[in-house]
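Student: One structure coming up, written as structure tokens, with questions to follow.
The values are calculated or read from the model by the stated rules, or taken from the named source; none is laboratory data. The model shown is predicted, which means the values in this text are computed figures rather than measured ones. Note that we place each Cβ from the backbone using ideal geometry, even for glycine, and neighbour counts take in every protein chain shown. Surface accessibility is based on the protein's heavy atoms, side chains included, excluding ligands, DNA and RNA. Shrake-Rupley method; radii C 1.70, N 1.55, O 1.52, S 1.80 Å.
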Amino acid sequence: MFKKTISIIIILISIFKISNGQWSELNNIPGLAINKFEFIDDDLGYALANDILSNKNVILKTINGGNNWDSIPSLNVDGFMDISFISDGIGFVVFRDMNNSFAPMRIHKTSNDGINWEDISPSTTNTGMGNSFVQFIDENIGFWGVADVLYKTIDAGINWDTIVFSNAYVSSLDFKDANNGTIGTWDGSFFYGGGMQTTNDGGNTFNVLTLNNYSSVINAVNYSTNNTIYSASVSNYMPNGYSPCLYKSIDNGSSWDSIAIDTFNIPNATLRAVDFIDDINGKIILSQQFNDTAYVYNTTNGALDWVFED
């Protein structure tokens, strides 16, 4: 199943779509800040947005490749942290409810585009740290990262297994199937160290790489092919400023190579998102710290060279 997801926390009022190797601006969505969007196929997609005036979450849906977007019914909660839609009408949302002392982190499912929502939360959850990341492979198999805990279900949320990481907090995740996935991490300190933990047995064991660099939290991970994975380090601190770094594995996370990213004279550039359609063709999104502008760059030779997308 074709599915592309870009997770990016910047104020982008427009959504862009790639066609024939170029990015074109789609229909503007005035007054909304896009936190995440994902496409099930070329036409069907969902987006998690924030209404700037009301500061309320909105889930948007398009059935024509992003030319038009409509909101779907939503839960009356303070704010969603993430969404994962797997097909037309079927999706999951995660949020925090501090009024629930036993399970403050919640996950709900809809099978009819938000008309009804079912609580499929575990009986107990940790409080989390203000963010959460969820991905369902299909209607039954899902992964949900909250702080140092990875929750996994193989029966649509009836039962959940809990995987606890040591000195690592989930900052991103991408699973290509029920067994193979990579968790981007943060070390939980003000050193903001990052790392990658990759599993090929559904989370029973992990190959762990710890990055001993300041401000190296992994903000995005992306499977391009069966064994090739890219991960985006937010910004490694260098003597002359911040220098984003891309990491690449061609053996399903057993080993990683680092790829320095030219910041193209963007002061304090931060690497926010990475998306490869195969081993050599991909996109990255850079943003400037404390600036809402995003810069999209394209590579056609496996990240050796990058070209700015106007």
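Student: Kindly provide the set of residues from the range 266-309 that are over 18 Å from Cys245 (Cβ atoms) and charged (D, E, K, R), ordered by number.
Tutor: Result: Asp278, Asp279, Asp292, Glu309.
A quick yes/no check of all residues on (1) open to solvent by 30 Å² or more (accessible area, probe 1.4 Å); (2) closer than 18 Å to Trp186 by Cβ; (3) not in a strand (DSSP E or B):
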{"site": "Gly128", "(1), (2), (3)": "no, yes, yes"}
{"site": "Asn131", "(1), (2), (3)": "yes, yes, yes"}
{"site": "Gly145", "(1), (2), (3)": "no, yes, no"}
{"site": "Leu150", "(1), (2), (3)": "no, yes, no"}
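Yes/no per residue for (1) at pLDDT 90 or above; (2) open to solvent by 50 Å² or more (accessible area, probe 1.4 Å); (3) under 17 Å from the mean Cα position of the chain (by Cα):
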residue	(1), (2), (3)
Asn212	no, yes, no
Thr228	yes, no, no
Pro239	no, yes, no
Ile259	no, no, no
Leu271	no, no, yes
Ala303	no, no, no
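Student: Sticking with this structure for a sec: Could you please find all residues in the range 191-219 being under 22 Å from Thr153 (Cα atoms) and either in contact (Cβ under 8 Å) with a residue 60 or more places away in the chain or of a type in the set (S, T, N, Q) (or both)? Steps first, please.
Tutor: Our first condition is that a residue be under 22 Å from Thr153 (Cα atoms); within the range 191-219, this holds for 196-207.
The answer is Met196, Gln197, Thr198, Thr199, Asn200, Gly203, Asn204, Thr205, Asn207.
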